[in-house]
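Nothing in this text is a laboratory measurement; each read-out follows from the coordinates by a stated rule. Owing to the predicted nature of the structure, the values given are computational and were not obtained by experimental measurement. Every residue, glycine among them, receives a Cβ derived from its backbone with ideal geometry; neighbour counts consider all protein chains shown.
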Amino acid sequence: MGLPELREDTYVRLGGLMQENLGLGFATVKRTVVASRLAPRLQRLGLDSYEAYVTLIATADDGGEFQMAVDLLTTPENHFFRELMHFDLLESELSRVRPQRPRLWSASTSFGDEAYSLAMLLADLQQAGRVGADWLVLGTDTNERRLRSAAEGLYPQAQLRGVTPERLRRYGLGGDPASTGLVQMQAGLRERVRFERHDLRAPLHGAQGFDAIWLRQVLVYFDAATRQTVLAQVLARLHPGGLFFVGTAEQGLVTTPGLDALAPGVFRKQV
Ligand SMILES: C[S@@+](CC[C@H](N)C(=O)[O-])C[C@H]1O[C@@H](n2cnc3c(N)ncnc32)[C@H](O)[C@@H]1O
């Protein structure tokens, strides 16, 4: 049986459902991409149309399928130290400012690879005496399954391809990658990264402020009004002078006043 067609009206209905429940806007996810990402679920559930699938996830008793659809439609191509120049820029900044209690926030942390990349950077800087020993990375997301996996800190080797062999020796626990293909983040690193559930549309719990915030690959999914709410909530937690990172392709989505553009996808909050 060939793939059923994802009709325009079904695509619009699905977009409406995501928008209503999560403030996710689908303008950037093409109909063909949506169709191919959801196709395996239709097959698995024995459904013969996208219309039936959308009807299923619109019901309250969907057996978790709505979250599954969100996962499939927002799953990034993950790997450590993605957009390496952003990490280089942060490294120079922290080496210049030399904060004693650096606090970094990975605000759409997904499976945690971004948060652990930041933790490796901080651990190295601490060892070189360029930042204080009391540092912390916060990783937040709405997806509890991803957060659990992040806290476990187990990654396939392909995802670690951005980590230098030297860092991998230092921060990756062998486990038995030969048999499992997985590498676990060392306990010393894991205890410096805190993972919590947080919806970006609400204020972050607690009063802490951050020296740098990463909000990569999530703004694209929000409609314009939700994007403004999210940016306001997130930037309220950035210290004046602190750095704000989004994906380089998302630079144009950040129109909040009070930010100076430093490099593609990188902003500094005005003092
Ligand atoms: C594409 S991933 C981004 C991963 C990572 N930041 C990167 O650049 O590779 C988007 C993440 O945003 C999360 N997300 C979607 N809506 C959210 C919301 N309202 N609040 C917090 N996280 C949300 C999703 O669960 C998903 O894990």
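Here are the numbers for the structure shown:
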quantity: Label-point separation in nm, THR32 to GLU196, each point 7 Å along Cα→Cβ; calculated: 4.3 nm
quantity: Volume in Å³ per residue [convex hull over Cα atoms, computed for segment 84-269]; calculated: 115 Å³
quantity: Relative frequency of Cα-Cα separations exceeding 20 Å in segment 8-74, percent; calculated: 15 percent
quantity: SER49 versus ASP9: modelled label distance in nm, points set 7 Å from Cα along the beta carbon direction; calculated: 0.9 nm
quantity: Length-normalised contact order of segment 78-176 in % [C-alpha pairs under 8 Å, at least 6 apart]; calculated: 36 percent
quantity: Estimated [θ] at 222 nm from DSSP helical runs (n ≥ 4, -39500 (n - 2.57)) normalised by residues in the chain, nearest 500; calculated: -12500 deg cm²/dmol
quantity: In sequence order, calculated HN-Hα J values of segment 109-119 (Karplus, 6.51, -1.76, 1.60; Hz; x Gly/Pro); calculated: 6, 6, 8, x, 5, 5, 5, 6, 4, 5, 5
quantity: Per-residue HN-Hα couplings for segment 208-218 [Karplus 6.51, -1.76, 1.60; θ = phi - 60°; Hz; x = Gly/Pro]; calculated: 5, x, 10, 7, 8, 10, 10, 9, 8, 6, 10
quantity: Derived scalar couplings ³J(HN,Hα) [segment 232-245; Karplus, 6.51 cos²θ - 1.76 cosθ + 1.60; whole Hz; x for Gly, Pro]; calculated: 5, 5, 6, 5, 4, 9, 8, 4, x, x, x, 9, 10, 10
quantity: Choice from SER106, SER149, SER36 with maximal GNM fluctuation in the chain (Cα, 10 Å cutoff); calculated: SER36
quantity: Amide H partners (placed H, <5 Å) of LEU238, local residues excluded; calculated: PHE210
quantity: Sorted largest first, extent of segment 194-257 alpha carbons per principal axis (Å); calculated: 28, 25, 21
quantity: Linear extension gain, HIS205 paired with ALA151, 0.36 nm per residue minus alpha-carbon span; calculated: 17.5 nm
quantity: Convex hull of segment 151-240 built on C-alpha atoms - directionally averaged projected area, nm²; calculated: 7.8 nm²
quantity: 5 angstrom amide H check on LEU262, placed H, neighbours 5+ away; calculated: PHE267, ARG268
quantity: Cβ-based exposure ranking for MET85, MET68, in which fewest neighbours within 10 Å come first; calculated: MET85, MET68
